[in-house]
Amino acid sequence: MKSMQQTVLILCACALAACAGCRRSDPRQAMIDVPAMRGPACAKIVREALHRVHGIDRNNIEVDMERRRVLVPYDSMIVALKNLEHAIADAGFDANDIPANPDAQARLPETCRGSAQTVPPDASAKPEPDPPAAPSDESAD
C-alpha cells in the first residue's frame, strides 16, 4: 500500500513538472495590409471586425492610415494570423493575400470599396526613345 502511494506521488510530481514548462500564451503582432482602408470610416469597420475575434489585444490595435496597415497584437495559442485576415476580409476588405468578401464589400461605404488607388502615370512624362538600331551583318561592296 505504501509503495502504491509513493508511485502515485511520483507520477503526480512528474505530471506537475511536465506542465510547469507548458506554454500558456504566445503573444505576437500581425501587420496586415488593408489597401482599401482610405479613411476613418473604413478604419472603424476594420477595428470592429477585429474586436469580434477572440485572442487579440483589443486595446492596442494600431491603424496606420498612411500605409493602409493594421498592427494587431494577438495570442497565437488562441487565434492564428489567417483568422485575423479572414475577419477583415469578411468585413469587406482585402487583407494581405485574402480577398474581400464581395457581398460585404458591396455593403461598405463608397470610399471603402475596392483596392488601393493606383497613382496614374505622369502625363507630362516623355516616352523613352527607341533604342538605336543594331548594326547589320551585311557588308557593303
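The length gained on full extension between Leu11 and Ile78, counted as 0.36 nm times the residue separation minus their Cα-Cα distance, comes to 21.2 nm. Computed from phi, the 3J(HN,Hα) profile of the stretch 51-60 under the Karplus parametrisation 6.51, -1.76, 1.60 (θ = phi - 60°) reads 4, 7, 8, 6, x, 10, 8, 4, 7, 10 Hz, with x in place of Gly and Pro. Principal axis extents of the Cα atoms in the stretch 23-112, from largest to smallest and rounded to whole angstrom, are 44, 25, 20. Applied to the stretch 83-88, the Karplus parametrisation 6.51 cos²θ - 1.76 cosθ + 1.60 on θ = phi - 60° returns per-residue 3J(HN,Hα) values of 5, 5, 4, 5, 4, 5 Hz, with x for Gly and Pro. Close amide H pairs (under 5 Å, H built 1.01 Å from N) link Arg69 with Val34, Asp64, residues at least 5 positions away or on another chain.
The ranking of Val53, Val46 from fewest to most other beta carbons within 10 Å of each one's beta carbon is Val53, Val46.
Read-outs: derived from the displayed coordinates by stated rules, not from any lab. What you see is a predicted model, and the numbers here were worked out from it, not measured in a lab. Glycine also receives a Cβ, built like all others from the backbone with ideal geometry; neighbour counts cover every protein chain displayed.
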